[in-house]
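The values are calculated or read from the model by the stated rules, or taken from the named source; none is laboratory data. No experiment lies behind these values; they were computed from the predicted model shown. Virtual Cβ from ideal backbone geometry, glycine too; neighbours counted across all protein chains shown. Heavy atoms of the whole protein, side chains included, go into the accessibility calculation; ligands, DNA and RNA do not. Shrake-Rupley method; radii C 1.70, N 1.55, O 1.52, S 1.80 Å.
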Amino acid sequence: MKRGLDYDRIAAGYDRRFEHDAPSVATARALVDVIRPMSSPHILEVGCGTGHWLGQLAPVTGQLYGLDRSWGMLAQASAKDLPAGLVQGDAVSLPFARAAFDLLYCVNAIHHFSDQRRFIMDAARVIAPHGRIAILGSDPFYDKNSWYVYDYFEGVWEIDRARFKSWDLLAAWLSAAGFERVEKSEIRHIHTSHEGREVFSDPFLRKQATSQLALLSQEAYDRGLERIQSAIQKAQDRGEPIRFETELSIFMLTGVKQAA
Ligand SMILES: C[S@@+](CC[C@H](N)C(=O)[O-])C[C@H]1O[C@@H](n2cnc3c(N)ncnc32)[C@H](O)[C@@H]1O
């Protein structure tokens, strides 16, 4: 199994995930709530991908910028003609001047960065005094989360455990980098439950729908599907129902950059 996902390869089909994710409105709303009190802010999304969230923020006043490492993802963002400047670069070495932004945010991306602590330190450099950082995403270590994919696809949990940091650790790194009022809030909760074969219609079971499954080899992915198939068959033979459950909380971690 690969550790890093080739986003150039999956860029063209990436936005399909948003077709099935109507509640992602809550994520956009959480960002807009952070931005609302700011006047004409300079805003940077790090790991902006295809620009989905920049597009959601387009009605806010201010200057929007997106940075991503993948040219393929940036090409998708560029085709949307967003009112945002797009920059190719690495999150751990941001090509921007000190104090250039009033808000730097990151959605479902920090676990892909090679050195998350270094990213936070560099973010602190480019955020102006009293400016904000917002990190949004899921936390596989949260004990109320569960995802049936971890049970049926071998190695997926191990790879998430290796690349995700606990949010307590991220919070500690924010404080050490000079952010105060560091707060974690739950911004949405996803619950899905598929009975029996209906699970195969779960859009998030598609191989390219999440980085977890996209990282698997085709053989490992097929083996996972076979395990699901076999569990359904065994349940049927016993005359018992079988359900495939997902409970997933999405969090936002925010901090305010201390005055110099
Ligand atoms: C799961 S996608 C999230 C994209 C977007 N934020 C969204 O929610 O749709 C992760 C993104 O992080 C980008 N990425 C991964 N490592 C990066 C790095 N070191 N620096 C900048 N971007 C990176 C990938 O290219 C990809 O576009």
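What does the charge dipole of the chain about its Cα centre add up to, to the nearest 20 debye, if the Cβ of each Lys and Arg holds +1 and the Cβ of each Asp and Glu holds -1? Please report the intermediate quantities before stating the final value.
Values: 30 positive and 33 negative charges, 119 e Å.
Around 580 debye, computed over the chain.
Among DSSP beta bridges lying fully in the chain, give the percent that are antiparallel, nearest 5. Antiparallel: roughly 55 percent of the beta bridges in the chain.
Using a Cα distance threshold of under 19 Å, what count of lysine pairs results for the chain when pairs must be 8 or more residues apart or interchain? Don't jump to the answer; show the numbers that get you there.
Working: K2/K165; K2/K207; K144/K165; K144/K184; K165/K184; K184/K257.
Going through the chain pair by pair, I get 6.
Charged neighbours of E247, selected by a Cβ distance under 15 Å, balance to -3 (K, R count +1; D, E count -1). Step through the residues of region 193-204 one at a time and calculate ³J(HN,Hα) from phi using the Karplus curve (6.51 cos²θ - 1.76 cosθ + 1.60, θ = phi - 60°), rounding each to whole Hz and writing x for Gly and Pro. Once rounded to whole Hz, the list reads 9, 10, 9, x, 5, 4, 4, 6, 9, 5, x, 7. Counting protein heavy atoms only, region 32-174 has 49 percent of its accessible area on carbon and sulfur, 1.4 angstrom probe. State the Cα centre-to-centre distance between region 200-254 and region 91-131 in whole Å. With region 200-254 and region 91-131 each reduced to a Cα centre, they are spaced 33 Å. Accessible surface calculations at 1.4 Å, restricted to protein heavy atoms, place the chain at 48 Å² per residue. The charge dipole of region 116-260, taken about its Cα centre with unit charges on the Cβ atoms of Lys, Arg (+1), Asp and Glu (-1) only, comes to about 680 debye.
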